[in-house]
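Below is one structure; the comments refer to it alone.
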Amino acid sequence: MNDNSEQPGIVTRRELATQPEMWERAMSLPDSEIGLLPRAGEKVLVIGCGTSYYIGDAYAYLRNDAGLGRTRAAIPSELTWVDDDEHIVVLSRSGTTADVVDIVERYGETNRITAILGDADTPLGRLCADRIVHLGFADETSIVQTRFATTALTALRASIGAAPASLASEARTALELPLPADPATLRHVVFLGHRSSVGLAQEAALKVRESAGFWTEAYPVWEYQHGPISCAGEGSLVWFLDEAPEVVVADVRATGAAVYANDLQAQSNLPLVHRLAVELAAIKGRNPDTPPFLNRSVLVTD
């Protein structure tokens, strides 16, 4: 009998299944931590790479749409300006990502900075010692992020009153739902979102790409007909994380692609996406716990 630790994907499967509990903990963070996050009226800049950037983008839309103050998300290497009055929120599971560390070192003297971390005993943890939202309970062994990212988004949503009590229950539903399609029949998966769910669509596509090395795309729902739909066809799955306008659905179905949507919030779809990614990885013979060419943190920057 094989030890579970030797089964490809066992770590990711175990971690993604804990998301309902992780989200509940995030919604119960003490005021001493949740109160560190931006307050109404502050300008906010969220800094992150990869998954962290997409989570920051979703939060930025939610905060802007709630009228709480100008909010934007940026990738450190693409950042061109920072206002002195922007509250910088850095998001990093590892606490070691080099270009995020560089941002904190560069702007720590001029800007208020808060870090959301999975590990506080790190360079970012030491730089932001008195302003850390520590989500160590949601840290992961797997290289591919699942529960840490969604738990960070839950904490951010809770800080602006946008984390409904039903969120964790929806995550449990996502862990029980049938997969949207038989993974063995797929050649292509597209995720579509609107406003705050566009970043989550990008994150969903990234999860499938990282875990399974699979062809995935992500777009705002109203952009999909402006070119990308030409790649859809037999073997494509087009997954609406948010609204599914009838005119877009009809055009997608006309290509021969399968259409999927459910009644869950966009964030609550992510555990279901994670499950699909793991199954696609198994079919492709990849281990989503340790995908090729990926590390928990990019430590070197130019």
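In table form, for the structure just shown:
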| item | result |
| --- | --- |
| Single residue of segment 96-111 satisfying the filter (under 17 Å from Gly56 (Cα atoms) and without any contact (Cβ under 8 Å) to a residue 40 or more places away in the chain) that is nearest to the chain's Cα centre (by Cα) | Val101 |
| Residues satisfying the stated conditions in segment 260-285, i.e. basic (Lys, Arg) and in contact with a Lys or Arg (Cβ under 9 Å, 6 or more places away or on another chain) | Arg275 |
| Residue, least open to solvent (accessible area, probe 1.4 Å), within segment 161-176, restricted to residues that are among the aliphatic types (A, V, I, L, M) and touching a Leu at 6+ places or on another chain (Cβ under 6 Å) | Ala174 |
| Where a residue in segment 24-35 is over 19 Å from Glu170 (Cβ atoms) and its partner, wherever it lies, is open to solvent by 60 Å² or more (accessible area, probe 1.4 Å) and of a type outside the set (Lys, Arg), with Cβ under 9 Å and at least six apart | Glu33/His134 |
| Evaluation of Val198 against (1) part of a helix (DSSP H, G or I); (2) over 19 Å from the mean Cα position of the chain (by Cα) (one fails), failing number | (2) |
| Residues of segment 177-195 classified as touching a Phe, Trp or Tyr at 6+ places or on another chain (Cβ under 6 Å) and buried (at least 24 other Cβ atoms within 10 Å of the Cβ), total | 2 |
| Filtered residue count, segment 200-251, keeping only those that are free of Cβ contacts under 8 Å to residues at least 40 places away in the same chain and touching a Lys or Arg at 6+ places or on another chain (Cβ under 6 Å) | 1 |
| Output for segment 18-50, where each listed residue is open to solvent by 10 Å² or more (accessible area, probe 1.4 Å) and either closer than 26 Å to Leu192 by Cα or among the basic types (Lys, Arg) (or both) | Thr18, Met22, Arg25, Arg39, Lys43, Cys49, Gly50 |
| Pick from segment 122-150, criterion free of Cβ contacts under 8 Å to residues at least 12 places away in the same chain and assigned to a loop (DSSP other than H, G, I, E, B), ranking: most open to solvent (accessible area, probe 1.4 Å) | Asp130 |
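Residues are listed down the side, and each one gets a yes or a no for (1) under 24 Å from Pro288 (Cβ atoms); (2) part of a helix (DSSP H, G or I); (3) of a type in the set (A, V, I, L, M, F, W, C); (4) under 13 Å from the mean Cα position of the chain (by Cα):
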| residue | (1), (2), (3), (4) |
| --- | --- |
| Arg14 | yes, yes, no, no |
| Ser32 | no, yes, no, no |
| Pro38 | no, no, no, no |
| Gly41 | no, no, no, no |
| Ser52 | yes, yes, no, yes |
| Ile55 | yes, yes, yes, yes |
| Ala58 | yes, yes, yes, yes |
| Tyr61 | no, yes, no, no |
| Asn64 | no, yes, no, no |
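The values are calculated or read from the model by the stated rules, or taken from the named source; none is laboratory data. Every value quoted in this text rests on a predicted model; they were computed, and no experiment measured them. Every residue, glycine as well, gets a Cβ built from its backbone with ideal geometry; the counts of neighbours run over all protein chains shown. Accessible surface areas use protein heavy atoms only, side chains included; no ligands, DNA or RNA. Shrake-Rupley method; radii C 1.70, N 1.55, O 1.52, S 1.80 Å.
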